[in-house]
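First the structure, in the form of structure tokens, and then the observations on it.
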Amino acid sequence: MSESRIPQHASPQTVAPIVSVLQRMGAPPALAPGLHRALGATAAEDLTANPWLLLRLPGVTVEQADHAAQHLAGQSGPVRPEDPRRRAALVQHVLVRATRQGHTALPQEQVSAQLRGHGVTSPEAAVQEALDRNLVTARSHSDEDIDAGTDAAEAADTPEDDSAVEAEAPTDQDRTYLALPELAASEDQLASGINRLIATSEPIMDPFTARETVAATATRLSVDIAPEVEAALITVALRGVSIVTHAAHMPAQVQFIAGAADIAHAGGGRTTVVTPLAASARALAESLPDDVPVSVYPLAQLLDPEPSAPASPGGTAAVPTAASPALAADLVIVADAMAVDTTTAAELVTACADGTHLVLLADPHERFAPGPGQVVPDLRASGIVPVAELGTPDAPQPLARVALEMLAGRVPAEPSPGHEVVPVTVTSPAEATHRTLQLLTDSIPRAFGVDPDDTLVVTVARSGSCGAEALNAACKAQLNPGPGACWGFDVGDRVVQVRATEGRAAGERGTVHECADTGVWVRWDRAGSSPSETAGPVFVEDSTLLRHGWAFPTSVAHGGRWPAVIAVVDPTPGTGPLPPDLAYTMLTRAQLHVSLVWGADPLVTAGTGVTAAPGGRRHTRLVPAVREG
């Protein structure tokens, strides 16, 4: 077996001091591994000195942290809201929570509003304490630049505290934003990298030569390349950084990538295409003609490689390392770019050499990245990066047509003529689960020849009666029943990685290959287009990295593509409308077929493509950071 490993989580001996502190706090010992990951080797000492560091963990409330602090100190009365340790930790907590909602920063007045809601009477002092402890950082930008970014799109996540969002903005010309230091550094790094690529790039060829090259591509592929695609390719040839937008399931995407690769090749350069997940790398590689001079990689593999082959059929690129053709490519195309967050985009741009042409290929109707930021909308709003559109076909493919109709709030009532889209009406979560299993194990394999392992169940959320957890439990019971001998898993279980590690992104899918005393061997789904490209099993020693992976919430599936998808929405009355961009993203994870399992009443609200939670715009700093150079 391969010796490739994913590092072990903290041992019982390592977390024992943290458990001791938690017991003195009256807090659950189960929090110890998470605190070790969040705080490091000095977690026990740090937690003793500041019990509000509990707030570093998702799910811990301010009230619970206050109770733990009071318990640790042995006080009979309430804690002091103005305790400097509490105030500074609360500032950080507000920003950590904001990043989980997709923000990269928050206006200081919104942070102050949330602090007042937690009993802090001097929020300005609290912010200064957090700045002095290097827990947060501050940046000032003009209102005009900030508004360009926040108006670029609206977030879909509901803020925990609406009062923070509704706070009035100051009237001053400049506005102060607070951010976590590492996220602020990533946003600055991304802005700097974009400007570096723009400044150092030279045209690959002149427009006339680019048109000739595109014509040659059309002849070789025996296709008619639309004027919009030709215009986009000329933009790529001339400009160092560009955004190219498209609708779902467009043949023009393949034509564009083929034409761009031919332009780079004719100019003496190499082309690399990257995707957020291995599933999308495999799908894209299989859609490209064999003679297209391009290699396709999962993005995490490119940035932090493990030994494996490129996804491109017949591709010649070596394993991506600091000196490999992948990172030294003259043209880098980021497919499914809407799913790329700020930190990942910053890492990619930094990895690109001076003079590299970078293309963000994006479907703007999709949801924003699961992580913080809205990279494509922000760069588009900056006015610095040119935008080209591939256009919308007059007769879109059935999957694309239904997805676009759902953006307008129109729910399909009947199957499409070729059964590419099939609505399945259910009346209860139990029936939804039953029909999902039936589709996964019988209907889809029989009608489309798609194996259950190549079908993904996509849900609105992780929890709930029709969430990923419940459906994974049902899939486990039917598809691979067993005692869960290794951390709740058995050989043959489908699993998903929930946090990024070296060379592998959150959302990568695999199968448990073998169990051991200290972990499990996982054979991850291949990124290539032939079985010979399958890497050996990887030993995973951290139980918190894996969950069952027959079903994903949409946030985890975003950026991936699978032959067939079963989209499941809780049919229980009162669950609320399904935002159009969420429905669109669920639907467009499928390459060949999607079954829509939901209730009888239309659940999609009519909209323009992005549904806003009340006051829930994503706050970012990328627009002013790029404009300021």
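Shape class for the stretch 373-516: oblate, because the ratio a/c of the largest to smallest gyration tensor axis (alpha-carbon atoms, square roots of eigenvalues) is 1.5 or more and b/c is at least a/b. Each Lys or Arg adds one and each Asp or Glu takes one away; over the other residues whose Cβ falls under 12 Å from the Cβ of residue 73, this sums to +2. Using 0.36 nm per residue and subtracting the Cα-Cα separation, the extra length available between residue 384 and residue 446 on full extension is 17.3 nm.
Between the alpha-carbon centres of the stretch 437-467 and the stretch 27-65 there is a gap of 38 Å. Relative to a virtual label point 7 Å from the Cα of residue 132 in the Cα→beta-carbon direction, which members of the stretch 37-59 show backbone nitrogen distances below 14 Å? Within reach of a label on residue 132, which here means backbone N under 14 Å from a point 7 Å along Cα→Cβ, the stretch 37-59 contributes nothing. Specify the inter-centroid distance of the stretch 190-258 and the stretch 82-109, based on alpha-carbon positions, in whole Å. Here the answer is 42 Å between Cα centres. Fully extending the segment from residue 430 to residue 490 would add 19.1 nm, taking 0.36 nm per residue of separation and subtracting the current Cα-Cα distance. Phi angles across the stretch 55-61 convert, under the Karplus curve 6.51 cos²θ - 1.76 cosθ + 1.60 with θ = phi - 60°, into 3J(HN,Hα) values of 5, 5, 8, x, x, 7, 8 Hz, Gly and Pro given as x.
Ranked by the mean number of other Cβ atoms within 10 Å of their residues, highest first, the peptides 381-394, 461-474, 360-373, 186-199 come out as 360-373, 186-199, 461-474, 381-394.
Placing +1 on the Cβ of every Lys and Arg and -1 on the Cβ of every Asp and Glu, with nothing else charged, gives the stretch 176-281 a dipole about its Cα centre of roughly 160 debye. Modelled spin-label separation between residue 453 and residue 209, with each label point placed 7 Å from Cα along the Cα-to-Cβ direction: 4.7 nm. If R0 is 30 Å, the Cβ-Cβ spacing of residue 63 and residue 14 corresponds to a FRET efficiency of close to 0.55. Take residue 174 and residue 291, extend 7 Å from each Cα along the Cα→Cβ direction, and tell me the distance between the two endpoints in nm. If labels sit at residue 174 and residue 291, their model points lie 5.9 nm apart.
Annotation: for a label point projected 7 angstrom from Cα along Cα→Cβ of residue 73, residues of the stretch 30-56 with backbone N closer than 15 Å are 48-54. Its relative contact order, with pairs defined as Cα atoms under 8 Å and 6+ residues apart, puts the chain at 19 percent. What does the C-alpha gyration tensor say about the overall shape of the stretch 245-301? Classify as rounded when a/c is under 1.5, otherwise prolate if a/b is larger than b/c, or oblate. Oblate shape, in that a/c is at least 1.5 and b/c is the bigger or equal ratio. Placing a pseudo-label 7 Å from each Cα along the Cα-to-Cβ vector at residue 219 and residue 304 gives an inter-label distance of 4.7 nm. What does the net charge come to around residue 357 if you take all other residues with beta carbon closer than 15 Å to its beta carbon, with K and R at +1 and D and E at -1? Net charge in that neighbourhood comes out at -2.
Work out the FRET efficiency for residue 353 and residue 124 from their Cβ-Cβ distance, taking R0 = 45 Å, and round it to the nearest 0.05. My answer for the efficiency is 0.50. Charged neighbours of residue 442, selected by a Cβ distance under 14 Å, balance to +1 (K, R count +1; D, E count -1). Counting only protein heavy atoms and a 1.4 Å probe, the chain has 39 square angstrom of accessible area per residue. Applying both filters, DSSP loop and at most 15 other Cβ atoms within 10 Å, to the trypsin sites (Lys or Arg not before Pro) of the stretch 490-525 gives 499.
When a/c reaches 1.5 or more, the comparison of a/b and b/c decides; with that in mind, is the stretch 180-311 rounded, prolate or oblate per its Cα gyration tensor? Oblate.
The values are calculated or read from the model by the stated rules, or taken from the named source; none is laboratory data. Not measured: the values here are computed from a predicted model. Virtual Cβ from ideal backbone geometry, glycine too; neighbours counted across all protein chains shown. Heads up: the accessible areas ignore ligands, DNA and RNA and are worked out on the full protein's heavy atoms, side chains in. Shrake-Rupley method; radii C 1.70, N 1.55, O 1.52, S 1.80 Å.
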